[in-house]
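These notes concern the structure reproduced below.
The values are calculated or read from the model by the stated rules, or taken from the named source; none is laboratory data. These numbers were taken from a predicted model, which means no experiment stands behind them. Positions of Cβ are backbone-derived with ideal geometry, glycine not excepted, and every protein chain shown enters the neighbour counts. When the accessible area is computed, the model is the full protein with side chains, heavy atoms only, and any ligands, DNA or RNA have been set aside. Shrake-Rupley method; radii C 1.70, N 1.55, O 1.52, S 1.80 Å.
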Amino acid sequence: MRLRAILLTLATLALGLPALPAHAAAATATFVKVSDWGSGFEGKVTVTNGTTAALPSWNVQFDLPAGFTIPSAWDAVMTRNGQHYTFTSPSWAAPLAPGASASFGFNGSPGNFPGITGCTLNGASCGGGTTNPGVPGAPGAVSATTTGNSITLTWGAATGTVTGYRVYEGSALKTTTTATTATISGLAACQTHTYTVKAYNAQGESPGQDATATTTGCTGGDGTLPRHFLTGYWHNFVNPAVELKLSAVPDEYDLVAVAFGEATATAGEVVFSVDPGLATAVGGYTDAQFKADVQALHQRGKKVILSVGGEAGRVQVASAAAATTFADSVYALMRSYGFDGVDIDLENGLNATYMAQALRSLQAKAGSGLIITMAPQTIDMQSTGMEYFKLALSIKDILTVVHTQFYNSGSMLGCDQAQAYTQGTVNFMTALACIQLENGLRPDQVALGLPAGPGAAGGGVVAPSLVNQALDCLAKRTGCGTFVPPRAYPDIRGAMTWSINWDASNNWSFSKTVKPHLQGMP
């Protein structure tokens, strides 16, 4: 089927409102279907400022026919309510000068798209009709305060005639009020919720303002970890990467995961000691020297945890007895070596029920400062039904961070379920992190795990600058590829790399590029 661009002049979509006189200048928006490939389509909207004054910002809204969706957009901030879509100018966009134009685009599905309906630009017809005077303007920015079982939202008053405000969670109406504040009660501790506030009157609803907040009661230990931090794995074995003593870990790393604690013949038991091969490779290294290096890292403000598992790891926690043994043995290693917590990197399967029992038992022994991290493979976090994802959600109140391994996986579906994204791209990192962010984990519990450079992984190696770009896309919705997340996550926790040793083999490119960027994030 030959593709062709279809330009729709949206003056016909003025919804019966009286047109402006021919000589009156107005801002307009026009839609064109750039391409259509049967299973999907690409659309583009161009906003033109036909007035004699600068247009500070723009808000384009329209409806799609039933059965059509827009999974991703670029050069605009997109929100959705059913079949109704809203696109606003991005934060980085300058005011639109008189006579100037700005465009944004989006991908939709399925194909054979007939066009949009009900288009408005800043409340007026996209073709330049008069503003509907009855619909209120959007509320002001929403702030939130929390307790262990409630979230209180406060926002600025909307312009125009306002009957009241509706607060939604997704498509569910949570409360209606005539004030500019509302409290949602009866919530569980340490739970994250995203709400949308809209003004309304008899003519309809305004565009919405979003706010995300987490109830108090989280006990996951961070110690003194920064708001955005860098994690690196340190090898307790010999491979083609550079061998290092723990004391050689550079200051760019905030959290060091010692790889790995090993299994024994006793189910759930974890043991650790300095690998003899490594000791020989670095000119001698004893357990006592290793312990002293852990303390030295503590004095430098770093945290050190024991990673359990790895590609060849065989630790199994599949019973209540094994859960108890796991907690007891890991706690003993923490006390002996000075570890601040544990990393779960079981690449040969886990039982979410009994591992959760083990980690809660460990937290009861170690206290609220315990650091718990997880390093699932990409496939393990594709849905909430996977054991790793179930584990993360079940211990969300004590979990520090999940740094999924976004490598060695091939292509995977993202949270938009629109297509399989190719590993080693910004789209892959952002679309897959979005699955976790939109399905129950707090942004401060999500980090991006990437190889430190060539040699560190069989696939998914990226330039460190692309990791920074992906972090900005998730935190600010800027610098994205074709996938743009449905909202910004300014609390995204940071990045992890496999590994510190491979970073050393690649002239410390990963840590020296990513850590300064994390420090500069808000």
For the stretch 121-212, inverting the pair-averaged 1/r of distinct alpha-carbon atoms gives a Kirkwood value in Å of 13.8
Let me make sure I get this right: for the stretch 433-522, a, b and c are the square roots of the gyration tensor eigenvalues over alpha carbons, sorted descending. Under 1.5 in a/c it's rounded, otherwise prolate if a/b > b/c, else oblate. Which is it?
prolate
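Mind running the shape call on the stretch 196-257? Use the C-alpha gyration tensor, a ≥ b ≥ c as the square roots of the eigenvalues: rounded below 1.5 for a/c, prolate if a/b tops b/c, oblate otherwise. Spell out each step's value before the answer.
Working: a/c = 5.07, a/b = 3.28, b/c = 1.55.
Verdict is prolate for the stretch 196-257.
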quick shape note, the stretch 207-300: Cα extents on principal axes in Å, largest first -> 65, 36, 27
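Only helical DSSP H runs with n ≥ 4 go in: add -39500 (n - 2.57) per run for the chain, normalise by residue count and round the 222 nm mean residue ellipticity to 500 deg cm²/dmol. Before the final figure, lay out each step's value.
Values: 9 runs with 103 residues, N = 522.
Counting only the DSSP helices, I get -6000 deg cm²/dmol.
With a ≥ b ≥ c taken as the square roots of the eigenvalues of the C-alpha gyration tensor of the stretch 131-274, please select rounded if a/c is under 1.5 and otherwise prolate if a/b is larger than b/c or oblate if it is not?
On the way: a/c = 4.03, a/b = 2.83, b/c = 1.42.
Prolate.
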Taking a straight Cα-to-Cα line shorter than 18 Å from LYS476, and setting aside same-chain lysines fewer than 8 residues away, one finds LYS515
For the stretch 58-104 and the stretch 451-468, distance of Cα centres in Å:
33
Students sometimes get this wrong: rank CYS218, CYS473 by accessible area, probe 1.4 Å, all chains present, largest first.
CYS218, CYS473
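Taking the solvent-accessible surface of protein heavy atoms with a 1.4 Å probe, what is the per residue accessible area of the chain in Å²?
Details: 20470 Å² over 522 residues.
About 39 Å² of surface per residue is accessible.
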Using the Cα centre of the stretch 135-280 as the reference point, and only Cβ charges (+1 on K/R, -1 on D/E), how large is the resulting charge dipole? Debye, rounded to the nearest 20.
800
Farthest toward the dipole's positive end in the chain, which of TYR85, LEU187, ALA263, given Cβ charges of +1 (Lys, Arg) and -1 (Asp, Glu) about the Cα centre?
TYR85
Any idea what log10 I(q)/I(0) is at q = 0.12, 0.20, 0.21 Å⁻¹ for the stretch 300-453, Debye with uniform C-alpha scatterers and no solvent?
-0.50, -1.27, -1.37
If packing is taken as the average count of other Cβ atoms within 10 Å, what order do 109-117, 506-514 fall into, highest mean first?
506-514, 109-117
Suppose we keep just the alpha-carbon trace of the stretch 26-183; what are its Rg and Dmax in angstrom?
17.5, 52
Accessible surface of LEU350 - all protein chains present, 1.4 Å probe, nearest 10 Å²:
30
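How charged is the neighbourhood of TYR195? Take every other residue with its Cβ under 14 Å from the Cβ of TYR195, and add Lys/Arg as +1 and Asp/Glu as -1. Working shown, then result.
Details: positive: ARG166, LYS174, LYS198, ARG487; negative: GLU169, ASP210.
Net charge around TYR195: +2.
Could you order TYR337, TYR354 so the one with the most accessible surface comes first? Probe is 1.4 Å.
Numbers: TYR337 15, TYR354 75 Å².
Solvent-accessible surface, decreasing: TYR354, TYR337.
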Choose one of GLN295, THR425, VAL135: the residue whose Cα lies farthest towards the positive end of the charge dipole of the chain (beta-carbon charges +1 Lys, Arg; -1 Asp, Glu; about the Cα centre).
VAL135
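So if I place +1 on the C-beta of Lys and Arg and -1 on the C-beta of Asp and Glu, and nothing else carries charge, what would the dipole magnitude of the chain be about its Cα centre? I want it in debye, nearest 20.
Details: 27 positive and 32 negative charges, 220 e Å.
Value, rounded to 20: 1060 debye.
Determine Rg/Rh for the chain; Rg is computed over alpha-carbon atoms and Rh is the Kirkwood hydrodynamic estimate from the same atoms.
On the way: Rg = 26.2 Å, Rh = 25.2 Å.
That ratio equals 1.04.
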